[in-house]
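S.K.: One structure follows; several queries about it will come next.
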Amino acid sequence: MTGGEVLTRSLAAHGTDVVFGIPGNHNLSIYAHLASSNIRHVLSRHEQGCGYAADGYARSSGRPGVALVTAGPAVLNTLAALGQAYSDSIPVLLVSPGMPLRHPYRGNGHLHETKDQHAAVDAVVAASYRVTSVAEIGAAVTQAFVDMLAGRPRPVHLEVPIDVLDESTDTEIGSPVALPHVTAPADQLDRAAVALDESVRPGLVVGGGARFAAAEVCQLAERLGAGVVTTTNGKGILPEDHPLALGAGAHLPAVAEWARTRDVILAVGTDLGSSDLWNGPWQLDGTLVRIDIDPRQVGVNARPEIALVSDATHALRSLRRQLGPGGVGPLDSGDTTAWVSRVRDEADAEGALWREEVKAIADVLERDAVVTGDSAAVCYYGLRANLPLHVAGAFLYPTGYGTLGYGLPAAIGAKVAAPERQVMAVLGDGGVMFTLPELASAASEGLALPIVVVDNHGYGQIRRNMELRGYSPLGVDLPSPDFAAVGRALGCHGVEIETPEHLSEQLVKAFAADRPTVLHVMEGGTT
């Protein structure tokens, strides 16, 4: 088998059913075998789009997303997406060719040559591997999947030299290996169970690391009668219409006060970082118990009295089992109802500018809908704490790294992963321009994908920050293109939205359409 065939068959053996890619001269030996495999190829229009789509696929499906690009500038174009995946703990595999083994590495003008491609990618991934023979490829693919899935998920890069892709040899393809669960010591679980059992005002703070423990979060919260706050990446893990759900407004003053008044806080799968607590770290008066699969994370940003290095599902099940039957139940949870009301009032005030649009979206979403967002005010002030979502992995957002351009390609990846579910993107007019060509990719795939562009004529939050500092705004005002017409030109439907009611009507049509639909909304009704 050639290196390209070993690579393709090894990916398939690990369950890869989709790759998001762009062909180039140096990766054609991979494409030759993709065409005859059962792996679907989704053609992106820019390599950054490949990376974000793979990220969205991974978040939506729970399986690693795979991006396939050519060497040099194509690889460098993926780095923002890989950095986002690293920051948010998402398993994304970037597969690329590299310079030939017998290339002298002296800057002699080889097409797509990068001074040190491996080092460039290694800066934003958990690991970057360069194989040196066909025989190494299968094992390298297996190692990449182990790195992505064992412990804390993170992106990985696999580089195969151009000449190795074309070489042939008798070798084996890579095959999956069983991965052990990370479990906390029994004595630490005992300490945590006692603290929770004796608590009077417990609370749970749940992040993306608990995404696959939604049932366990709900069961433990109900056993304790504990209110539950989620981070942005944890949004929906506890359905946001549950009586114990305080939502995803971890940054709100009311949530900080709620956390301060808890006698025990159980934080699960979250770094308690500034991307969620942007008004400053919480001041906790009670006991902090942390569950995290990464031992390097349990002391980050807030030092716990009890630290459980464990898979979230295993730890929560163990705690629930040790607590036994009983508990106050979700409807007799002390002061939780009052806190829910206070938090929702603050969130509503913060998102008032987008209140009607958020309601218009909420009115048409099914219970398992997926919404992707960008680093736009409509998302972090409007949607995050105000749009009710009800399943884990329902809100795909570039939290830690804060990239622009994430939302559209991530929605493509999510829709490819779950074609039966409603998937939509909500973007700002500044951010959408970073990956606007991916409209053509979505159209080519015939995805029923609403794309709401909320237009404030530029980088609105940066404009406001300049004004708050007393600076004259510079470089923040953008003339608005006719986004609906741009969408139509790239193969989508395009609609100018006139009222919130019109938005709801058009969303219903867009979810049932034969292609994507660009819905252009002027922020605050401005023109």
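The values are calculated or read from the model by the stated rules, or taken from the named source; none is laboratory data. All values derive from a computational prediction rather than experimental measurement. Note that each Cβ is placed from the backbone with ideal geometry, even for glycine, and that neighbours are counted across all protein chains shown.
S.K.: Out of Gly249, Gly286, Gly269, report the one residue that is on the phi > 0 side of the Ramachandran plot, in the same structural domain as Ala338 (by TED's automatic domain parsing) and in contact with a helix residue (DSSP H, G or I) (Cβ under 9 Å, 6 or more places away or on another chain).
M.R.: The conditions single out Gly269.
S.K.: Can you find, within the stretch 147-163, the residue that is nearest to the chain's Cα centre (by Cα) among those that are surrounded by fewer than 21 Cβ atoms within 10 Å (Cβ to Cβ) and not in a helix (DSSP H, G or I)?
M.R.: Arg152
S.K.: Here is a further query. Show me the helices (runs of 4 or more DSSP H) found entirely inside the stretch 72-130 where at least 1 residues are under 20 Å from Cys50 (Cβ atoms) and of a type in the set (Asp, Glu).
M.R.: Fully inside the stretch 72-130 and qualifying: 117-122.
S.K.: Find the residue count for the stretch 425-444, including only residues that are over 12 Å from Leu519 (Cβ atoms) and either polar (S, T, N, Q) or assigned to a helix (DSSP H, G or I) (or both).
M.R.: Adding up the residues that qualify gives 11.
S.K.: Are any of the residues in the stretch 504-513 in the same structural domain as Ala440 (by TED's automatic domain parsing), out of contact with any strand residue (DSSP E or B) (no Cβ under 8 Å at 6 or more places or on another chain) and closer than 18 Å to Val378 by Cα?
M.R.: Taking every residue of the stretch 504-513 in turn, at least one turns out to be in the same structural domain as Ala440 (by TED's automatic domain parsing), out of contact with any strand residue (DSSP E or B) (no Cβ under 8 Å at 6 or more places or on another chain) and closer than 18 Å to Val378 by Cα.
S.K.: Among the candidates Gly72, Gly107, single out the residue that is small (Gly, Ala, Ser), on the phi > 0 side of the Ramachandran plot, more than 18 Å from the chain's Cα centre (by Cα) and modelled with pLDDT of 95 or more.
M.R.: Result of the check over Gly72, Gly107: Gly72.
S.K.: Does the stretch 484-496 contain at least one residue that is closer than 22 Å to Tyr380 by Cα, in the same structural domain as Ala410 (by TED's automatic domain parsing) and at pLDDT 95 or above?
M.R.: No, the stretch 484-496 contains no residue that is closer than 22 Å to Tyr380 by Cα, in the same structural domain as Ala410 (by TED's automatic domain parsing) and at pLDDT 95 or above.
S.K.: Can you name the condition, by its number, that Ser37 falls short on among (1) in a loop (DSSP other than H, G, I, E, B); (2) within 26 Å of the chain's Cα centre (by Cα)?
M.R.: (2) is the only condition that Ser37 fails.
S.K.: Which of (1) modelled with pLDDT of 95 or more; (2) surrounded by fewer than 17 Cβ atoms within 10 Å (Cβ to Cβ); (3) in contact with an Asp or Glu (Cβ under 8 Å, 6 or more places away or on another chain) does Thr183 not meet, given it meets every other one?
M.R.: Among (1) modelled with pLDDT of 95 or more; (2) surrounded by fewer than 17 Cβ atoms within 10 Å (Cβ to Cβ); (3) in contact with an Asp or Glu (Cβ under 8 Å, 6 or more places away or on another chain), the lone unmet condition for Thr183 is (1).
S.K.: Turning to a different aspect of this structure: Taking the stretch 294-314, which residues are β-branched (Val, Ile, Thr), touching a Pro at 6+ places or on another chain (Cβ under 9 Å) and not in a strand (DSSP E or B)?
M.R.: Val298
S.K.: I've got another one for you. Looking only at the stretch 400-427, which residues are touching a Cys at 6+ places or on another chain (Cβ under 9 Å) and either under 23 Å from His457 (Cβ atoms) or not assigned by TED's automatic domain parsing to the domain that holds Ile361 (or both)?
M.R.: Gly407, Val426, Leu427, listed by residue number.
S.K.: Exactly one condition in (1) surrounded by fewer than 22 Cβ atoms within 10 Å (Cβ to Cβ); (2) touching an Asp or Glu at 6+ places or on another chain (Cβ under 6 Å) is not met by Asn279; state its number.
M.R.: Result: Asn279 passes all but (2).
S.K.: Let me confirm something: among Asp292, Asp276, Asp345, which residue is closer than 19 Å to Tyr381 by Cα and within 21 Å of the chain's Cα centre (by Cα)?
M.R.: Asp276
S.K.: Going through the stretch 444-465 one residue at a time, which ones are surrounded by fewer than 17 Cβ atoms within 10 Å (Cβ to Cβ) and under 18 Å from Gly373 (Cα atoms)?
M.R.: Passing the criteria: only Ile462.
S.K.: For Ala178, all conditions in the list (1) small (Gly, Ala, Ser); (2) assigned by TED's automatic domain parsing to the domain that holds Ile30; (3) over 22 Å from Val19 (Cβ atoms); (4) free of Cβ contacts under 8 Å to residues at least 60 places away in the same chain hold save one; what is the number of the exception?
M.R.: (2)
S.K.: Let me ask something else about it. Please indicate, with yes or no, whether at least one residue in the stretch 27-47 is touching a Gly at 6+ places or on another chain (Cβ under 8 Å), within 26 Å of Gly400 (Cβ to Cβ) and modelled with pLDDT of 95 or more.
M.R.: Taking every residue of the stretch 27-47 in turn, at least one turns out to be touching a Gly at 6+ places or on another chain (Cβ under 8 Å), within 26 Å of Gly400 (Cβ to Cβ) and modelled with pLDDT of 95 or more.
S.K.: Would you mention how many residues in the stretch 186-204 are in contact with an Asp or Glu (Cβ under 9 Å, 6 or more places away or on another chain) and hydrophobic (A, V, I, L, M, F, W, C)?
M.R.: Going through the stretch 186-204 one residue at a time, the tally reaches 2.
S.K.: Looking at (1) under 15 Å from Ala192 (Cβ atoms); (2) part of a loop (DSSP other than H, G, I, E, B); (3) free of Cβ contacts under 8 Å to residues at least 24 places away in the same chain, find the lone condition where Arg262 falls short.
M.R.: Among (1) under 15 Å from Ala192 (Cβ atoms); (2) part of a loop (DSSP other than H, G, I, E, B); (3) free of Cβ contacts under 8 Å to residues at least 24 places away in the same chain, the lone unmet condition for Arg262 is (3).
S.K.: Looking at Ala123, is it surrounded by fewer than 21 Cβ atoms within 10 Å (Cβ to Cβ) and closer than 25 Å to Phe434 by Cα?
M.R.: Criteria met by Ala123.
S.K.: A further question follows. Which condition does Phe212 not pass, out of (1) over 19 Å from Thr337 (Cβ atoms); (2) part of a loop (DSSP other than H, G, I, E, B); (3) hydrophobic (A, V, I, L, M, F, W, C), if it passes all the others?
M.R.: Among (1) over 19 Å from Thr337 (Cβ atoms); (2) part of a loop (DSSP other than H, G, I, E, B); (3) hydrophobic (A, V, I, L, M, F, W, C), the lone unmet condition for Phe212 is (2).
S.K.: Going by the structure shown, is Thr336 more than 20 Å from Pro253 (Cα to Cα), among the hydroxyl-bearing types (Ser, Thr, Tyr) and touching a residue at least 24 places away in the same chain (Cβ under 8 Å)?
M.R.: Spelling it out, it is not the case that Thr336 is more than 20 Å from Pro253 (Cα to Cα), among the hydroxyl-bearing types (Ser, Thr, Tyr) and touching a residue at least 24 places away in the same chain (Cβ under 8 Å).
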